[in-house]
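Novice: Got a structure for you, questions after.
The values are calculated or read from the model by the stated rules, or taken from the named source; none is laboratory data. This one's a predicted model, so the numbers in the text were calculated from it and none came from an experiment. Counting neighbours? That spans all protein chains shown, and the Cβs are built from the backbone with ideal geometry, glycine included.
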Amino acid sequence: MERAFSIFVISLSRRSPGEGGRIRVSFFVISAFACPAVVPRLRDESGCFVICFPFCASCVTFPFMRRAIYPGSFDPITNGHLDVIERARKLFDEVVVAVAHNDEKQPLFSLKDRLDLLRETAGKIDNVRIAEFEGLLVEFARKEEAGAVIRGLRAVSDFEFEFQMALMNRKLDAAVETIFLMPKEEYTYLSSRIVKEIARLGGDVSAFVPVLVARALAIKLKKNISTK
Ligand code: PNS
């Protein structure tokens, strides 16, 4: 009587969280009474012991998710942020846009407003998720199993602060890599701070932020600014 049953051997290989990796599924047939036509030599005369025979070793691999965190105050989100998100999402399976609580910065928009604006803009983009975090960025990255932190680098003036932050984060957790992405040249002079200043002074910010954000700024600052 021929008896055959199969097992799947699933091996996981991953270097560090969020870095990506492979799940390998190897298919072996363990034949208690191996078919003599296939493995005549391996078959015991009595046919009473198990021969493990890789009858079919088909290896199928599934990639792990590569996840990156794009942290910031996003007070409010600008077209420059959206440009960085677009670039990052092409490099990673998932980009988590993470709003820092950062109360010491005295943001114009409340945390809820900043999250709502992000959800209505960046949150609509494929493989982008909106989240909030409190405390250390590296702790949040660990919790999210993200292997990278994305930061936009606009000009040399950004460099000193970003360099310090990247190295400090590396010191805190060497597994979290910082990746700098450069936005389009037309956004290199753009920042949330400058957009708020223009809006406060009644200037038109429609070229720098999504319509929704321009409206939110107008309401917040009670200015009659153009939102097209
Ligand atoms: O948009 P911002 O304000 O430049 O973002 C700064 C942010 C939120 C990324 C930074 O302040 C931060 O990472 N805060 C979390 C606290 C932390 O981890 N500090 C140590 C990093 S050196």
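A quick yes/no check of all residues on (1) within 8 Å of the ligand (Cβ to nearest atom); (2) touching a residue at least 60 places away in the same chain (Cβ under 8 Å); (3) of a type in the set (F, W, Y); (4) touching a Pro at 6+ places or on another chain (Cβ under 8 Å):
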site: L137; (1), (2), (3), (4): yes, yes, no, yes
site: A146; (1), (2), (3), (4): no, yes, no, yes
site: A155; (1), (2), (3), (4): no, no, no, no
site: F161; (1), (2), (3), (4): yes, no, yes, no
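Novice: Okay, moving on. Quick one: would you say R41 is surrounded by fewer than 18 Cβ atoms within 10 Å (Cβ to Cβ), at pLDDT 50 or above, in a loop (DSSP other than H, G, I, E, B) and of a type in the set (D, E, K, R)?
Specialist: Numbers: surrounded by fewer than 18 Cβ atoms within 10 Å (Cβ to Cβ): yes; at pLDDT 50 or above: yes; in a loop (DSSP other than H, G, I, E, B): yes; of a type in the set (D, E, K, R): yes.
Answer is yes for this residue.
Novice: May I pose another question? Got at least one residue in region 159-169 being part of a loop (DSSP other than H, G, I, E, B) and within 28 Å of D93 (Cβ to Cβ)? Break it down stepwise before answering.
Specialist: Going through region 159-169, the residues part of a loop (DSSP other than H, G, I, E, B) turn out to be none.
Within region 159-169 (the criterion being part of a loop (DSSP other than H, G, I, E, B) and within 28 Å of D93 (Cβ to Cβ)), the answer is no, since none of the residues qualifies.
Novice: Same structure, new question: Name, by its number, the condition in (1) in a helix (DSSP H, G or I); (2) out of contact with any helix residue (DSSP H, G or I) (no Cβ under 9 Å at 6 or more places or on another chain) that does not hold for A174.
Specialist: Answer for A174: the failing condition is (1).
Novice: Follow-up. Has region 173-182 got any residue that is at pLDDT 95 or above, among the polar types (S, T, N, Q) and within 13 Å of the ligand (Cβ to nearest atom)?
Specialist: We begin by selecting, within region 173-182, every residue at pLDDT 95 or above; these are 173-182.
Keeping just the survivors that are among the polar types (S, T, N, Q) gives 178.
This time we only want the ones that are within 13 Å of the ligand (Cβ to nearest atom), so: 178.
Yes, region 173-182 contains a residue that is at pLDDT 95 or above, among the polar types (S, T, N, Q) and within 13 Å of the ligand (Cβ to nearest atom).
Novice: For the list (1) more than 10 Å from the ligand (Cβ to nearest atom); (2) modelled with pLDDT of 95 or more; (3) basic (K, R), I need the number of the one condition that R151 fails.
Specialist: Status for R151: all satisfied but (1).
Novice: Which of (1) over 15 Å from S191 (Cβ atoms); (2) part of a helix (DSSP H, G or I) does I150 not meet, given it meets every other one?
Specialist: Of everything listed in (1) over 15 Å from S191 (Cβ atoms); (2) part of a helix (DSSP H, G or I), I150 misses just condition (2).
Novice: Same structure again: If we keep just the residues of region 184-199 that are part of a loop (DSSP other than H, G, I, E, B) and under 17 Å from S73 (Cα atoms), which is farthest from the ligand (Cβ to nearest atom)? Talk me through it step by step, then tell me what you get.
Specialist: Here is the first cut: in region 184-199, the residues part of a loop (DSSP other than H, G, I, E, B) are 184, 188-191.
Right, trim to under 17 Å from S73 (Cα atoms) and you get 190-191.
Numbers: L190: 13, S191: 9 Å.
Among them, the one singled out is L190.
Novice: One residue is enough: does region 184-203 have a residue meeting the conditions polar (S, T, N, Q), in contact with an Asp or Glu (Cβ under 6 Å, 6 or more places away or on another chain) and touching a residue at least 60 places away in the same chain (Cβ under 8 Å)? Outline the logic, then answer.
Specialist: Step one: filter region 184-203 for residues polar (S, T, N, Q), giving 188, 191-192.
If we keep only those that are in contact with an Asp or Glu (Cβ under 6 Å, 6 or more places away or on another chain) as well, we get 192.
From what is left, the residues that are touching a residue at least 60 places away in the same chain (Cβ under 8 Å) are 192.
Checking region 184-203: at least one residue is polar (S, T, N, Q), in contact with an Asp or Glu (Cβ under 6 Å, 6 or more places away or on another chain) and touching a residue at least 60 places away in the same chain (Cβ under 8 Å).
Novice: Considering only residues that are within 14 Å of the ligand (Cβ to nearest atom), in contact (Cβ under 8 Å) with a residue 24 or more places away in the chain and over 16 Å from N169 (Cβ atoms), which ones fall in region 99-116?
Specialist: Of everything in region 99-116, those that are within 14 Å of the ligand (Cβ to nearest atom), in contact (Cβ under 8 Å) with a residue 24 or more places away in the chain and over 16 Å from N169 (Cβ atoms) turn out to be V99, H101, K105, P107, L108, F109, R114.
Novice: I'd like the residue in region 124-135 that is closer than 21 Å to S110 by Cα and of a type in the set (D, E, K, R) and, out of all such residues, is farthest from the ligand (Cβ to nearest atom).
Specialist: Step one: of region 124-135, the residues closer than 21 Å to S110 by Cα are 124, 129-135.
Within this subset, residues satisfying the condition of being of a type in the set (D, E, K, R) are 124, 129, 132, 134.
On the way: K124: 21, R129: 17, E132: 11, E134: 8 Å.
This residue is K124.
Novice: Here's another thing I want to ask about it. Is at least one residue of region 213-226 within 26 Å of the chain's Cα centre (by Cα) and either surrounded by fewer than 17 Cβ atoms within 10 Å (Cβ to Cβ) or closer than 26 Å to K90 by Cβ (or both)?
Specialist: First, the residues of region 213-226 that are within 26 Å of the chain's Cα centre (by Cα): 213.
Now narrow it down to the ones that are either surrounded by fewer than 17 Cβ atoms within 10 Å (Cβ to Cβ) or closer than 26 Å to K90 by Cβ (or both): 213.
Yes - at least one qualifying residue is present in region 213-226.
Novice: For region 200-219, does any single residue satisfy the condition of being farther than 23 Å from Q106 by Cα, part of a loop (DSSP other than H, G, I, E, B) and within 13 Å of the ligand (Cβ to nearest atom)? If you could, list the steps in order and put the result at the bottom.
Specialist: So the first thing to find is which residues in region 200-219 are farther than 23 Å from Q106 by Cα, and the list is 204, 206-207, 211.
Narrowing further to those that are part of a loop (DSSP other than H, G, I, E, B): 204, 206-207.
Next, only the ones that are within 13 Å of the ligand (Cβ to nearest atom) stay: none.
No, region 200-219 has no match at all.
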